[in-house]
Amino acid sequence: MTRDLDKRIIPPMTTAIVHHTIFQEHDTGPGHPESSSRYSTVMKALKSDQGLWTRLLEIEAREAPRGDVQACHSPQLYKNVERVVSEGLGFLDADTAVSMHSLQAALRGAGAACQAIDAVLERRAQNAFVPVRPPGHHATAERSMGFCLFNNVAVAARYAQRNYPEIERVAIVDWDVHHGNGTQGIFYDDPTVFFFSMHQYPWYPGTGARGETGMGRGAGFTLNVPVKAQTRAAEQSRMFDAALESMSSSFKPDLIMISAGFDSHRADPLGQLTLEDEDFIRFTRTVKEWAQATCEGRIISCLEGGYNLDTLGQTVRAHVAELARNDLS
């Protein structure tokens, strides 16, 4: 069967949703912003749009094997998460709470991102969204932090490179209000992964200055766009477009991943940026256009931040609807 014929028998724009109810069992305790309700809110919003939900490919997440996680994280980090969860100690750091189901949730979260890779590379879906908890982009090679246990996007990027010969170069686009320090650090000296983050600055975790551009062979393959609090959405959109244009001029990815943080929404309690749903739709469309031009439309989007339960569901629904939309005109 030719590759072109294979394309014709696959729905032209199927979006996979890879998830598991264990994401809701990662209990961070009362009052914690990264709450179990984030997952239920997102899933309720997606399922309530029957016109959208019936067009999605639903996949149940499996746990990532230890080897896939340790392709990005040290054995010591993995053992520390195991120990803290099993001993019921409650916290990996001051912000990162865990409970008895947290390791299972984190393993299925990393596994879900890898299964999203499988779905897209096996041509069961054009792109995928993972409504994962706990989030991942702050987790470094050596440390769980900032609500994050394992770095879902990083683990999936490495998984794609290790398991699919056609995936040599990966672009990661992070629009969370907080800088993706963990993802940046994991790939900082790697020219095969281009990491771009647009984030409020200065803000947690304090990294992501414009001068952080990579090191060694990875020099020039990190792009940070720090944004001042209360920057107008139109200006932020201009900055986003300019960054993607700069990336696309020097890097042709075989796969694009999105760290989809929605805490840059104007209503979010943990950020001070001014984006609204239509801005996230526009960002998604721009990334889709780049993916169509460079990597056969392959996009994996993983949930990061987003803490206003009154707005998160609708914002995620709008993002997924844009991923699933066929018409790019």
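The values are calculated or read from the model by the stated rules, or taken from the named source; none is laboratory data. Note that the structure is predicted; figures quoted are calculated from it, not measured. With ideal geometry, Cβ positions are generated from the backbone for all residues, glycine too; neighbour counts draw on all protein chains shown. Ligands, DNA and RNA are excluded from the accessible area calculation, which covers all protein heavy atoms including side chains. Shrake-Rupley method; radii C 1.70, N 1.55, O 1.52, S 1.80 Å.
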Completion exercise
Note on the chain: helices (DSSP H) long enough, at least 27 Å by alpha carbon along their axis, and hydrophobic enough, mean Kyte-Doolittle at least -1.0, are 102-121
Completion exercise
Given backbone amide H placed at 1.01 Å from N, residues whose amide H is under 5 Å from that of Leu309, ignoring those fewer than 5 places away on the same chain, are none
Practice task
Work through the residues other than Ala45 whose Cβ is under 13 Å from its Cβ and net out their charges, Lys, Arg +1 and Asp, Glu -1.
Solution key: +1
Fill in the blank from the handout: Projecting the Cα atoms of Thr231, Ser264, Ala242 onto the charge dipole of the stretch 227-329, where Lys and Arg contribute +1 and Asp and Glu -1 at Cβ, the residue farthest towards the positive end is Ala242
Problem - Residue-wise HN-Hα coupling along the stretch 191-206, computed from phi with Karplus coefficients 6.51, -1.76, 1.60 (Hz; x: Gly, Pro) - result: x, 8, 10, 9, 9, 10, 10, 10, 7, 5, 8, x, 6, 4, x, x
Exercise for the section: Please report the relative contact order for the stretch 39-117, taking Cα pairs under 8 Å with a sequence separation of at least 6, and give it as a percent rounded to a whole number. Expected result: 37
Exercise for the section: Quick one: pull the percent of accessible area on the chain belonging to carbon and sulfur, 1.4 Å probe, ligands and nucleic acids left out. Expected result: 50
Fill in the blank from the handout: For the chain, the dipole about the Cα centre with charges only on Cβ (Lys and Arg +1, Asp and Glu -1), to the nearest 20 debye, works out at 440
Practice task
At 1.4 Å probe size, with every protein chain present, just tell me what the per residue accessible area of the chain comes to in Å².
Solution key: 39
Completion exercise
Percent antiparallel among DSSP beta bridges confined to the chain, nearest 5, equals 5
Completion exercise
Of the residues Thr28, Ser48, Ala157, the Cα lying farthest along the dipole of the chain towards its positive end, which is defined by charges on the beta carbon of Lys, Arg, Asp and Glu, belongs to Ala157
Fill in the blank from the handout: Summing -39500 (n - 2.57) over every DSSP H run of at least 4 in the chain, dividing by its residue total and rounding to the nearest 500, the 222 nm mean residue ellipticity is -11500 deg cm²/dmol
Practice task
Filter the GluC sites (Glu not before Pro) in the stretch 10-89 to those in DSSP coil with at most 11 other Cβ atoms within 10 Å of their Cβ, and list the result.
Solution key: Glu87
Exercise for the section: Note down the accessible area of Asp268, probe 1.4 Å, to the nearest 10 Å². Expected result: 10
Completion exercise
Once Lys and Arg are counted +1 and Asp and Glu -1 for all other residues with Cβ under 9 Å from that of His137, the total becomes -3
